[in-house]
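The values are calculated or read from the model by the stated rules, or taken from the named source; none is laboratory data. Model, not experiment: these values are computed from the prediction. Reconstructed Cβ throughout: ideal geometry from the backbone, glycine too, with neighbour counts over all protein chains shown.
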Amino acid sequence: MDRYHPPVFPRSPRLDGPDAETVRQNVRAYFHETFSRYEQLFELLACDEAYYHKPIRLRHPLIFYFGHTATFFVNKLLIAGLLEQRIDPGFESMFAVGVDEMSWDDLDEAHYDWPAVAAVRAYRDQLREAVDAIIARTPLQLPIDWNHRWWAILMGIEHERIHLETSSVLIRQQRLEWVRPHPAWPACRLTGELPRESRVEIPPGTVRIGKARDDVWYGWDNEYGEHEAHLPAFQAARHLTSNAQFLAFVEADGYGQDAWWDEEGLSWRQFAHARHPEFWRHEQGRWRLRLLAEEVDMPWDWPVEVNCHEARAWCRWRAAQGGELVRLPTEDEWYRLLDVAGVGELAADAPAAANVHLDHWASSCPVTLFAQGELFDIIGNVWQWTETPIYPFDGFAVHPYYDDFTVPTFDGRHNLIKGGSWVSCGNEARHAARYAFRRHFFQHAGFRYVVGAMPARAPDPYYETDRQLSEYAEFHYGDEYFGVANFPREMARIAVQAMQGRPMRRALDLGCAVGRASFELARAFERVVGVDFSARFIQMGAALAHSGVLRYRLVDEGELHSYRQRELAALGLDAERERVEFMQGDACNLKDVLCGFDLILAANLIDRLYRPAQFLREVHTRLTPGGLLVIASPYTWLESHTPRAEWLGGFRRDGENFTGLDGLKEVLAPHFRMLGEAFDVPFVIRETRRKFQHSLSQVTIWQKIE
């Protein structure tokens, strides 16, 4: 078999030993091998024009990517304190951002005064020297983990390996006359008979994925956490979908039939005027395939390379032919295939038994070459599109050195690709890798189809970005600041303590906002109803009750943000989800069904009502005999919330001060008696990393006396 076997390109190094100097030398070699291989990729460009002409409209020209990976190193090393000053501030502004492929409706046509290739090469030389010195001289204690300053070094290396792949795609899309073959990037020359199409029965099973923080291999933020899924049986195609299989779709005018395309896919197809896969060429009645630096007669037994829209359209077309549910696999199903096939991680010192990690060729190869169990190419050859939009595992956190690596892709528009391609190296080739791209994105990616009912959908990937909602989410479920206890939890504790010896069947959390006190009350009450005037607050509480997970973005400073994920299970409130319900309501005009409560909690509510006295005069009708009303208020009377004539206090009456507490006593006296004395409970609301509201809320407890 005519296979090319270059020296094994170094794998991601272990970060825990056997000793610091060995790890130092391994990281140093890993850096230089990666840096050199990336520069060698650009030797495929035959002229300077190739650097400055966009291969596709939706991406920057290649000169950007040549400089970008070096700038990334500078930025991350500065953040980690491993580099004292910038190498070239101008370059590091120009090459910093703009990597992700744009959509056709947000094209960036801005003009950039790109520097000369020689200048960027000299900049890279300076960066190489600086990184080498950092690795050689910076003290190193093992292990290198998520919180280690050396994590920034590994981050820079693995980032460049990602761009080794993405830049190779752009070179493949560049004009053929502007590229040239290179002995270090040889294409496969093997092609043969088409395999007989067949499927493998995949039995039901459980997948458990997600890395622990003490894992000894570098990982990106989205790999960490926990996820478990129980999958029913399904069938999987034995081989990746081949060029020959996809040709039938092209010849059936699949690109011209709207029925096979969803709305987003149809929009892309119309924008791109697509009639066949991106790398196919039709010349003089025959099909050819564009590789990195050449075109060859179509190898029909190689995997087809398409975007997610095209893969989905083929599946819909194929399903209509046979009446089966043909579709792309989910991420969980790909991991199930990996388990069933028994595929391990790549050996450190031997070519992979897969077309991956540049161990064989600089192109795809026949889909029949690499058997892995009963299946072929579970890993390697081309990436495989999945139906799963990327989402965070339970326990997800962003890394402070790179807080926008994954979170911007939690938008439902970036689907996961799995398995790696022939050029996937380092972290990309590890099983835990999770990369996602927009569905119109071209990668060295194809697909394997499966047959069977779609399993449960992945969790919702969205992060709440509305500032007010996010601040309330942090106030209710987030960190405690300056030693001040969580206010909604504290109010629920006070209320439950006051209820001792009384029936605790039903509670009403009035003005519940995003619901923390409602869940806390459910620890003691059989049923809790949370009511708020704001539909947005209620929606967040209801969504949390449904999923148990809350994600939101906080303002740190200006346009800088941090991201939070909170789980009810981590707060010990998972079981309480079944005992809480949320509904929208006006405290001054409550629905008739909201009655018969043993407790009503009104925390920080009355000074936000348009008629607080009306609420207080009627609230007794909602309580059972002897029931309790717990009120907390900072008495922040504002005319924007409460007309001046409706204030309960905060003014002078008959020449004397009349406070909010005075007003409560006056209005509630006919139906309540006050238990004990009023007391203050502090609360803190975070606005930015360095700005907080620190307030006091006065708490009073009232018992219904009729």
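What the table below lists for this structure:
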{"item": "Members of region 523-540 that are crowded, with 24+ Cβ neighbours inside 10 Å and under 16 Å from GLY572 (Cα atoms)", "result": "PHE525"}
{"item": "Single residue of GLU305, GLU324, GLU310 found to be of a type outside the set (S, T, N, Q), assigned by TED's automatic domain parsing to the domain that holds PHE441 and part of a helix (DSSP H, G or I)", "result": "GLU310"}
{"item": "Candidate set: region 487-504, residues that are part of a loop (DSSP other than H, G, I, E, B) and touching a residue at least 24 places away in the same chain (Cβ under 8 Å); chosen: the one nearest to the chain's Cα centre (by Cα)", "result": "MET504"}
{"item": "Filter result for SER633 (at pLDDT below 95 and of a type in the set (Gly, Ala, Ser))", "result": "no"}
{"item": "Qualifying residue in region 370-377 (condition: within 29 Å of the chain's Cα centre (by Cα), in a loop (DSSP other than H, G, I, E, B) and closer than 20 Å to ALA429 by Cα)", "result": "yes"}
{"item": "Selection count, region 327-345, where residues are more than 19 Å from GLU374 (Cα to Cα) and part of a helix (DSSP H, G or I)", "result": "1"}
{"item": "PHE442 vs. criteria over 22 Å from the mean Cα position of the chain (by Cα), touching a residue at least 60 places away in the same chain (Cβ under 8 Å) and assigned to a loop (DSSP other than H, G, I, E, B)", "result": "no"}
{"item": "Those residues of region 200-216 which are buried (at least 16 other Cβ atoms within 10 Å of the Cβ) and assigned to a strand (DSSP E or B), in sequence order", "result": "VAL200, ILE202, VAL207, ILE209, LYS211"}
{"item": "LEU77 vs. criteria in a helix (DSSP H, G or I) and at pLDDT 90 or above", "result": "yes"}
{"item": "Filtered residues of region 608-624 (kept if modelled with pLDDT under 95 and either part of a strand (DSSP E or B) or in contact with a strand residue (DSSP E or B) (Cβ under 8 Å, 6 or more places away or on another chain) (or both))", "result": "none"}
{"item": "Residue tally, condition within 19 Å of ARG551 (Cα to Cα) and either more than 30 Å from the chain's Cα centre (by Cα) or not aromatic (Phe, Trp, Tyr) (or both), over region 476-486", "result": "5"}
{"item": "Qualifying positions in region 224-259 - within 30 Å of ASP394 (Cβ to Cβ) and hydrophobic (A, V, I, L, M, F, W, C)", "result": "ALA229, LEU231, ALA233, PHE234, ALA236"}
{"item": "Filtered residue count, region 408-434, keeping only those that are more than 23 Å from ARG290 (Cβ to Cβ) and either modelled with pLDDT of 95 or more or in contact with a helix residue (DSSP H, G or I) (Cβ under 6 Å, 6 or more places away or on another chain) (or both)", "result": "11"}
{"item": "Hits in region 668-706 (condition: within 22 Å of PHE615 (Cα to Cα), part of a strand (DSSP E or B) and touching a Lys or Arg at 6+ places or on another chain (Cβ under 9 Å))", "result": "PHE672, ARG673, MET674, THR700, TRP702, GLN703, LYS704"}
{"item": "Flag for GLY219 being assigned by TED's automatic domain parsing to the domain that holds VAL306, more than 30 Å from LEU45 (Cβ to Cβ), assigned to a loop (DSSP other than H, G, I, E, B) and in contact (Cβ under 8 Å) with a residue 60 or more places away in the chain", "result": "yes"}
{"item": "Number of positions in region 428-453 that are among the hydroxyl-bearing types (Ser, Thr, Tyr) and within 27 Å of PHE9 (Cα to Cα)", "result": "1"}
{"item": "Matching option when the condition is touching a residue at least 24 places away in the same chain (Cβ under 8 Å), in the same structural domain as GLU559 (by TED's automatic domain parsing) and touching a Leu at 6+ places or on another chain (Cβ under 9 Å), among THR700, THR636", "result": "THR700"}
{"item": "Test: residue in region 151-172 that is loosely packed, with under 15 Cβ neighbours inside 10 Å and out of contact with any Leu (no Cβ under 7 Å at 6 or more places or on another chain)", "result": "no"}
{"item": "Residue list for region 359-389, filter: without any contact (Cβ under 8 Å) to a residue 60 or more places away in the chain and not polar (S, T, N, Q)", "result": "PHE370, ALA371, GLY373, ILE378, ILE379, GLY380"}
{"item": "Near pairs, Cβ below 6 angstrom, 6+ apart or cross-chain, from region 32-43 (more than 17 Å from VAL169 (Cβ to Cβ)) to any residue that is surrounded by fewer than 18 Cβ atoms within 10 Å (Cβ to Cβ) and charged (D, E, K, R)", "result": "PHE35/ARG128"}
{"item": "First in region 400-415 and in the same structural domain as ASP221 (by TED's automatic domain parsing), second anywhere and of a type in the set (D, E, K, R) and in a strand (DSSP E or B), Cβ under 6 Å, 6 or more apart", "result": "ARG413/ARG438; HIS414/ARG438"}
{"item": "From the options PRO392, PRO366, residue that is outside the structural domain of ARG172 (by TED's automatic domain parsing) and more than 23 Å from LEU231 (Cα to Cα)", "result": "PRO366"}
{"item": "Residue check for ALA458: outside the structural domain of VAL407 (by TED's automatic domain parsing), under 23 Å from the mean Cα position of the chain (by Cα) and not in a helix (DSSP H, G or I)", "result": "yes"}
{"item": "Matching residues, region 505-542, being over 35 Å from the mean Cα position of the chain (by Cα) and outside any loop (DSSP other than H, G, I, E, B)", "result": "ARG506, ALA507, LEU508"}
{"item": "Matching entry among ALA293, ALA248, ALA274, ALA311 (being within 28 Å of GLU374 (Cβ to Cβ), of a type in the set (A, V, I, L, M) and crowded, with 17+ Cβ neighbours inside 10 Å)", "result": "ALA311"}
